[in-house]
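The values are calculated or read from the model by the stated rules, or taken from the named source; none is laboratory data. These numbers were taken from a predicted model, which means no experiment stands behind them. Here Cβ is always computed from backbone atoms with ideal geometry, including for glycine, and neighbour counts include all displayed protein chains.
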Amino acid sequence: MTKDLNIYIETYGCQMNEYDSELVASIVANKGYAITPSEREADVILLNTCAVREHAHLRIYGRLQELKRLKAMKQNSLTIGILGCMAQNLKDTLLDSHEEIDFIAGPDSYRELPRLIERARIGGEKGAALRLSRKEAYTGVNPLRSGGVNAWVAVMRGCDNMCTFCVVPYTRGRERSRDPFGVVEEVNALAKEGYRQVTLLGQNVNSYSYDKYGFADLVKMVADVPDIYRVRFTSPHPKDFPDALVRVIAEHPKVCGHIHLPLQAGNNRVLDLMKRTCTIESFEDLVQKIRKGIPEISLTTDVIVGFPTETDDEYEDTFHAMERIRFDAAFIFKYSERKGTHAAKHFKDDVPAEKKTERIVRLVELQKRITGEINQQFVGRTLEVLVEDSSIRDKSLAVGRTDGFKNAIFPKNGLALGELVDVRIERAKGGTLYGSAVAA
């Protein structure tokens, strides 16, 4: 075995990738390797990649050029591995077209990393581990975290929804849920380590199912863990959002009043092409039901503009849906074709780039206005905020989140990370609230 190796892990993409990198760190550390924060000190560099959008691919290709130069400087003593969704999606073409890459591994194959590293280091062998599993949930692997206030906790893996634009079912496989008691055990350990918030992760958390337990049951079980102050989750699908989950959010004081509910489009023909299995009418009915059950709820969303064949009028339907629903915030993206998806195989990416840009600019401006108007309503109110960090620009300021996931900045005045503090909001600018802590 090659001992005394320094491993550097770099993460791109979603929260699930952040969690997976913590799994990877644990797996390699348990084999005797050291995790280093410096790429210059590394013997092995692992890039945990994203394949959701073209920009994510371009970032990795650019990074590989940098690492190719670093590898040459180290006279080829550096080993480079590509992990995650991009590795699973592009497979052997990565190895064939990038000589600097020594091995690739998909999201279900991280237990194979010590073997891949050994073979690359000792024999110079190029390797690939890309098996998709119906069972792998990394039971028994305790993520190696770096500390903080929030901890990511994956409660399920994979996705069965097969939205036509999405590569996730092809890179992360079919849905499988973790034992709820294993999740609770992990959260109990996190509380003892000083974490005060957990965010439960899954590609579609409301599909969580283990024996008699649904996702609402799991959320309540986690929220009942002592010394955990807040529980968040992401992301649900609008097609099967359970009434029981609305009740848990409304009734349990630790479950945060924020739901990220992806819309993707506001026109029924486009939603049908996307295979979203819901209509704009059913989506808005769900929003009404959620807001009736949880009046203070904060709703955020994802939207894609320029999906194949989307007309100007169909885009206007999305624009007007956003006007009606008034999300607190939105992540808005131009459609980009993903290799292997149904859309890539069957639909021509026929909306011109300049048209996509025009549409996204209008929608972003609309959402900025709505976000600003909503946040102005909090001025003069006192909100409970979890202190998560210090401001990057001014260390005398604390940064935290409200229950509804609003970013808040206020004087630190001796407050510790992980404290819950009442903050009187004095002004709002864009997506950020500014105020002062109220003396207890």
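Within the range 1-53, the set of residues being at pLDDT 95 or above, within 16 Å of Leu64 (Cα to Cα) and surrounded by fewer than 18 Cβ atoms within 10 Å (Cβ to Cβ) comprises just one member, Glu10.
Screening the range 287-311 for residues that are out of contact with any Gly (no Cβ under 7 Å at 6 or more places or on another chain) and assigned to a strand (DSSP E or B) and picking the one that is surrounded by the fewest Cβ atoms within 10 Å (Cβ to Cβ) gives Asp302. When Arg59, Arg115, Arg63, Arg121 are checked against the criterion of being within 22 Å of Tyr19 (Cα to Cα), of a type outside the set (Asp, Glu), over 23 Å from the mean Cα position of the chain (by Cα) and surrounded by fewer than 22 Cβ atoms within 10 Å (Cβ to Cβ), a single residue qualifies: Arg115.
Restrict the check to the range 22-34 and report whether at least one residue is assigned to a helix (DSSP H, G or I) and of a type in the set (S, T, N, Q). Checked against the condition, which is being assigned to a helix (DSSP H, G or I) and of a type in the set (S, T, N, Q), the range 22-34 yields at least one hit.
A count restricted to the range 68-93 and to residues that are crowded, with 20+ Cβ neighbours inside 10 Å, in a helix (DSSP H, G or I) and of a type in the set (A, V, I, L, M, F, W, C) stands at 4.
Identify all residues within the range 36-65 that are of a type in the set (Lys, Arg), part of a loop (DSSP other than H, G, I, E, B) and closer than 19 Å to Lys339 by Cβ; write none if there are none. Within the range 36-65, Arg53 is the sole residue that qualifies. Applying the criterion of being more than 22 Å from the chain's Cα centre (by Cα) and of a type in the set (A, V, I, L, M) to the residues of the range 307-329, the residue that is nearest to Asn267 (Cα to Cα) is Ala321. Check the range 255-267 and report whether any residue there is under 30 Å from Phe333 (Cβ atoms), in the same structural domain as Phe307 (by TED's automatic domain parsing), buried (at least 19 other Cβ atoms within 10 Å of the Cβ) and more than 21 Å from the chain's Cα centre (by Cα). Yes; the residues of the range 255-267 include at least one that is under 30 Å from Phe333 (Cβ atoms), in the same structural domain as Phe307 (by TED's automatic domain parsing), buried (at least 19 other Cβ atoms within 10 Å of the Cβ) and more than 21 Å from the chain's Cα centre (by Cα). On the given criteria, is Val287 in contact with a helix residue (DSSP H, G or I) (Cβ under 7 Å, 6 or more places away or on another chain), farther than 29 Å from Thr171 by Cβ, modelled with pLDDT of 95 or more and of a type in the set (Val, Ile, Thr)? When the stated conditions are applied, Val287 passes them. Just one of the listed residues (Ile297, Ile374, Ile392, Ile332) is closer than 24 Å to Asn268 by Cα and of a type in the set (A, V, I, L, M), and it is Ile332.
Residues of the range 141-170 that are hydroxyl-bearing (Ser, Thr, Tyr) and at pLDDT below 95: Ser146, Tyr170.
Residue count for the range 369-392 satisfying the condition of being among the β-branched types (Val, Ile, Thr), over 20 Å from Asn413 (Cβ atoms), touching a strand residue (DSSP E or B) at 6+ places or on another chain (Cβ under 8 Å) and surrounded by 15 or more Cβ atoms within 10 Å (Cβ to Cβ): 1. Filtered by the rule that a residue be part of a loop (DSSP other than H, G, I, E, B) and free of Cβ contacts under 8 Å to residues at least 24 places away in the same chain, the range 343-390 gives Pro352, Gln377.
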